Amino acid sequence: MLIAAAAKQAGHAVTLAQSCAEAIQHLQAARFDCVTLDLMLEDGDGVEVLKALAVAKFTGSVIVISGMNAARRIAARSCARSLGIELQSLPKPVDLAALRICLANQCKTAKGLPVVHTWGGIVVDGVAEQHRS
């Protein structure tokens, strides 16, 4: 719920999935700009979701948030690259400030705006308006 709240605050619409199967169903039914992904899901490995992203020709951003060790997150990044997907990785417990920055940057990148960090809170629309003028 913390990740969903941070994503909403950054201006993203949020769709939740509790399992690999549910995530893959969502990917087949809709288009997404950004995906946050745990590597250990209820019914399998998040790498299966990465493979589904590749099959769906996903071009958005992926942020892996996982309690697995750094070596496992690095392996997931290598796997993603081999599938043509670039991802960022954050360890659990997630640093909320780092997550907010990642999500704000994803939103701005999707809108074609330069990445700007806003410390002490994220004001995506206000920053976007400044860049549009």
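Here, each number is a calculation from the coordinates, and none is a lab measurement. Small disclaimer: the values here were computed from a predicted structure and weren't measured. Note: ideal-geometry Cβ built from the backbone for every residue, glycine included; neighbour counts use all protein chains shown.
Couple of notes before you dig in:
- Output for segment 80-108, where each listed residue is assigned to a helix (DSSP H, G or I), in contact (Cβ under 8 Å) with a residue 24 or more places away in the chain and buried (at least 16 other Cβ atoms within 10 Å of the Cβ): Ala80, Leu99, Arg100, Cys102, Leu103, Ala104, Gln106, Cys107
- Residue in segment 57-69 that is among the aromatic types (Phe, Trp, Tyr), within 16 Å of Asn105 (Cα to Cα) and assigned to a loop (DSSP other than H, G, I, E, B) present: no
- Search result, residues across segment 1-42 that are in contact (Cβ under 8 Å) with a residue 60 or more places away in the chain, assigned to a loop (DSSP other than H, G, I, E, B) and within 19 Å of Val94 (Cβ to Cβ): Ala10, Gly11, His12
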